[in-house]
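Single-structure report; data block below.
The values are calculated or read from the model by the stated rules, or taken from the named source; none is laboratory data. Because the structure is a prediction, the values reported are computed rather than measured. All Cβ positions, even for glycine, are placed from backbone atoms using ideal geometry, and neighbour counts span all protein chains on display. Ligands, DNA and RNA are excluded from the accessible area calculation, which covers all protein heavy atoms including side chains. Shrake-Rupley method; radii C 1.70, N 1.55, O 1.52, S 1.80 Å.
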Amino acid sequence: DFSVEQVEGGFRVLGAGIERAAEMTYWELDESVRRFQRLMDRLGVEEALREAGIQEGDTVYIGEFELEWQN
């Protein structure tokens, strides 16, 4: 389970599972980043962000991580 909320400067994704996955991701490795992106898609996080109105270049906060949204 997760939730998406709009915050100043972007969107925050809250949820134990997605936050744990973000912590376990090796952001410097492309394959690890792609795996995390696939997980976000499978869980419905990407769709929820789109429904919340995310735009190219917006910041997504997941736990202590900040990601730039790209379509």
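Any idea what Rg and Dmax come out to for the chain if you just take the C-alpha atoms, in Å?
When restricted to the Cα atoms of the chain, Rg and Dmax are 11.1, 30 Å.
Once the piece of chain linking GLU47 and LEU29 is laid out straight, how much longer is it, given 0.36 nm per residue of separation minus the C-alpha distance between them?
Gain on extension, GLU47 to LEU29, equals 4.0 nm.
Please give the per residue accessible area of the chain, computed with a probe of 1.4 Å over protein heavy atoms only, in Å².
With the other protein chains kept in place, the chain gives 69 Å² per residue.
Excluding GLU64 itself, calculate the net charge of residues whose Cβ lies under 10 Å from the Cβ of GLU64, where each Lys or Arg counts +1 and each Asp or Glu counts -1.
Summing Lys and Arg as +1 and Asp and Glu as -1 gives -3.
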